[in-house]
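Inspection log for the structure reproduced underneath, given as structure tokens.
The values are calculated or read from the model by the stated rules, or taken from the named source; none is laboratory data. Predicted model, so just to flag it, every value in this text is computed and none were measured. Note that each Cβ is placed from the backbone with ideal geometry, even for glycine, and that neighbours are counted across all protein chains shown.
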Amino acid sequence: MRDGTAPARFRWLPPGLRPDPKHGPMEYRQERTILLVGAAALFAGYDQNVFGLAIPQIQAELHIPENQVGLTVAYFRVAAIFAMLLAASADIVGRRRLLLITLFGQAAFTLFTAFTTDYNSFVLAQFLTRLFGYAEEMLCFVVIAEVVASNARGWANGTLTAMYYFGAGMASLVFALVNLLPYGWRAIYVIGALPLFAVAYLRQRLPETERFTAHERLGSKGAQALRLVRDIARQYPRRVALVVIAASAFGFAISPATVLAQKYLQDTYHYSPGEVTMLLIPGGLLGLAMAILAGRFSDRVGRKPMAFAIVSLAAVCFFLFYSGVPGWAIPPLWILAFFGFFSGDVLVAGFALEIVPTQYRATVSGLRYMVEIGFGAVALALEGVLYDYFGSHSAAIQCLLAAIPITLIAILFLPEPAGRTLEEMAS
């Protein structure tokens, strides 16, 4: 076994996507952490994109009305409230323990989804899957922020996002065979669940982060939780409020556009499952590389200008995507829109990780995720109402994208964390 202090090699990434050598070498223990955390992000990307891909097939079997598709996803996203509480407990009991719990929970309920027999049990299974999956995703970014040097955090967050993106591509590859697989869409969930158990087993080797160990709290867990919330509200009200505003508006505007994109391709442009995959696989690989490069670039020019530009790109491209453009324009718009979504999301998430001290990081990160997912759920429920009014999903989604300027304004007032240590940002 290699020494944890040996130099990292990152041979699993192409040379141009590895950490910038100008920032100095990274250690193998950091590479191992990125791999163990990133593997879970990869399968989270797989699992959370299956429903979006297979909406027509699931909708037909479970008899979901057209105006309740968005509402169904809204039910799933209520899990974010409970996921935030679960993730926040990592500031008390530790990152490693919660990462193991959330990964096993996500694996178990993803498998359970494949065996549901009606609409209610399907919603329950996906609710529980996402409770653990959302908490898992929150904690993955917390761990990355705490183990990577300040001048490489943008690259690390971009790499983690790219692995999530790659998982979505894997889901689309399996989805191409949905009409050939035994039991159809149910088999896709089984295929996604089994590797999660293997990742959970391997992750037992993941050590606790040094930053958490240095700030580990003693005493009553209940008293710690109350003191934690009180201290955040007193010490960082403006920063936390700006992150919440940016994330909630972003989730509200973007969620319907991302969830219904593959359904839109199949219903409006008559893409077959195989044609959806032919777009998602090469497009996803290109988006993967772009996400890593965007993260590296944010280490150089700053998080704020990159976040502003990429969130704006996502909004414009999704608006055009749903505007009835010619078929040839759909692939480039899809690639740029989803690149903007994934990269914009991770940059907004990065602010929540980088602008507060270690003892509050999981709590604030969880709060950011909860409001983003929660407001996304509100938008998805509202999308069904707007669908009834306009008679189309595209018009409803374009109306909801009008919330993006709120995110852009909030980004302008956030502090710039690029190139500064977490301790400098907290002072």
Open item on the list: Against the definition (crowded, with 20+ Cβ neighbours inside 10 Å, in contact with a Lys or Arg (Cβ under 7 Å, 6 or more places away or on another chain) and assigned to a helix (DSSP H, G or I)), how does Ala379 come out, yes or no?
Closed with: no
Task: Residues being in a helix (DSSP H, G or I) and farther than 13 Å from Phe51 by Cβ - total across the range 101-130 - done: 15
Open item on the list: With the structure loaded, tell me whether Leu226 is modelled with pLDDT of 75 or more and either assigned to a helix (DSSP H, G or I) or buried (at least 19 other Cβ atoms within 10 Å of the Cβ) (or both) or whether it fails that test.
Closed with: no
Task: Conditions (1) out of contact with any Ser or Thr (no Cβ under 9 Å at 6 or more places or on another chain); (2) part of a helix (DSSP H, G or I); number of the one not met by Val325 - done: (2)
TODO: Would you mind stating whether Val356 is touching a helix residue (DSSP H, G or I) at 6+ places or on another chain (Cβ under 9 Å), under 13 Å from Val243 (Cβ atoms) and not in a helix (DSSP H, G or I)?
DONE: yes
- [ ] Test Ile58 against the stated conditions and say whether it is closer than 26 Å to Tyr183 by Cα, in a loop (DSSP other than H, G, I, E, B) and either at pLDDT 80 or above or out of contact with any helix residue (DSSP H, G or I) (no Cβ under 9 Å at 6 or more places or on another chain) (or both).
- [x] no
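Do we have Leu408 as crowded, with 18+ Cβ neighbours inside 10 Å and modelled with pLDDT of 90 or more here? Quick ask: steps written out before the conclusion?
Numbers: crowded, with 18+ Cβ neighbours inside 10 Å: no; modelled with pLDDT of 90 or more: yes.
Answer is no for this residue.
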Open item on the list: Being touching a helix residue (DSSP H, G or I) at 6+ places or on another chain (Cβ under 7 Å), buried (at least 18 other Cβ atoms within 10 Å of the Cβ) and at pLDDT 65 or above narrows it down to one residue among Phe197, Phe212; which is it?
Closed with: Phe212
TODO: Inspect the range 114-135 for any residue being hydroxyl-bearing (Ser, Thr, Tyr) and surrounded by 24 or more Cβ atoms within 10 Å (Cβ to Cβ) and give the result as yes or no.
DONE: yes
Task: Within the range 87-108, considering residues that are small (Gly, Ala, Ser) and in contact with a Leu (Cβ under 9 Å, 6 or more places away or on another chain), the one surrounded by the fewest Cβ atoms within 10 Å (Cβ to Cβ) - done: Ala108
Task: Evaluation of Ser392 against (1) within 20 Å of the chain's Cα centre (by Cα); (2) surrounded by fewer than 21 Cβ atoms within 10 Å (Cβ to Cβ) (one fails), failing number - done: (1)
TODO: Go over the candidates Met84, Met163 one by one and state the one that is modelled with pLDDT under 85, closer than 22 Å to Phe375 by Cα, assigned to a helix (DSSP H, G or I) and aliphatic (A, V, I, L, M).
DONE: Met84
Open item on the list: Out of Arg420, Arg368, I need the residue that is surrounded by 16 or more Cβ atoms within 10 Å (Cβ to Cβ), basic (Lys, Arg), outside any helix (DSSP H, G or I) and out of contact with any Phe, Trp or Tyr (no Cβ under 6 Å at 6 or more places or on another chain). Which one?
Closed with: Arg420
TODO: Count, please, the residues in the range 59-73 that happen to be touching a residue at least 24 places away in the same chain (Cβ under 8 Å) and surrounded by fewer than 23 Cβ atoms within 10 Å (Cβ to Cβ).
DONE: 8
Open item on the list: Being at negative phi and not in a helix (DSSP H, G or I) is the filter here; which residues of the range 382-399 pass it?
Closed with: Ser392
